[in-house]
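As structure tokens, the structure follows; a few thoughts come after it.
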Amino acid sequence: MTYGEDNFDELKSKLERAHRKGLESVGLLISGDAQLRTPVDTGMLKGSINHRVSKDSVIIGTNVEYSEYVEYGTSRTPAQPYLRPALYENEDKAKKIYADCIREATG
């Protein structure tokens, strides 16, 4: 389909939906991988990892108070990173997923 002045609003709407879908898909990918990487003691940390899509970003994290101590370690316990590796090791895949959503919307 060709887009011009007469159907600009349609293109804009499609792109906004694709943008949201892309961010949601990236959030699912990275939060899911972070859950797989999370060390488990009680399972509370693993179960708390989630994502939230805002207008132009996706936020992935947890509200568990001790999460940063697991991710970065302390003077007494070694780091057991789960969020950063999930992001860094899925960066190319996340870019592709997002681009595919945009490409699909624009035909």
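Name the single residue that is farthest from R37 (Cα to Cα) among those in segment 73-106 being out of contact with any helix residue (DSSP H, G or I) (no Cβ under 9 Å at 6 or more places or on another chain) and either of a type outside the set (D, E, K, R) or touching a residue at least 40 places away in the same chain (Cβ under 8 Å) (or both). Looking at residues that are out of contact with any helix residue (DSSP H, G or I) (no Cβ under 9 Å at 6 or more places or on another chain) and either of a type outside the set (D, E, K, R) or touching a residue at least 40 places away in the same chain (Cβ under 8 Å) (or both), I get S75. The one condition from (1) assigned to a helix (DSSP H, G or I); (2) under 17 Å from E91 (Cα atoms) that E16 does not meet is (2). Is segment 63-72 home to any residue that is touching a residue at least 12 places away in the same chain (Cβ under 8 Å) and hydroxyl-bearing (S, T, Y)? There is at least one residue in segment 63-72 that is touching a residue at least 12 places away in the same chain (Cβ under 8 Å) and hydroxyl-bearing (S, T, Y). Taken over segment 5-39, the criterion of being among the hydroxyl-bearing types (S, T, Y) and out of contact with any Lys or Arg (no Cβ under 7 Å at 6 or more places or on another chain) is satisfied by S13, S25, S31.
From the list G27, G22, G32, G47, the lone residue that is touching a strand residue (DSSP E or B) at 6+ places or on another chain (Cβ under 7 Å) and in a helix (DSSP H, G or I) is G27. For segment 52-62, indicate whether the set of residues that are part of a helix (DSSP H, G or I) and over 18 Å from R84 (Cα atoms) is non-empty. No, because not a single residue in segment 52-62 is part of a helix (DSSP H, G or I) and over 18 Å from R84 (Cα atoms). Candidates E24, E16, E71: the one that is surrounded by 13 or more Cβ atoms within 10 Å (Cβ to Cβ) and either aromatic (F, W, Y) or closer than 23 Å to G107 by Cα (or both) is E24. Residues that are of a type in the set (K, R) and part of a helix (DSSP H, G or I) within segment 74-104 comprise R84, K93, K95, K96, R103, listed in sequence order.
Values in this text are rule-based calculations from the coordinates and carry no lab data. Given the structure is predicted, the values throughout are model-derived calculations rather than measurements. Cβ sites come from the backbone with ideal geometry, for glycine too, and all protein chains shown count toward neighbours.
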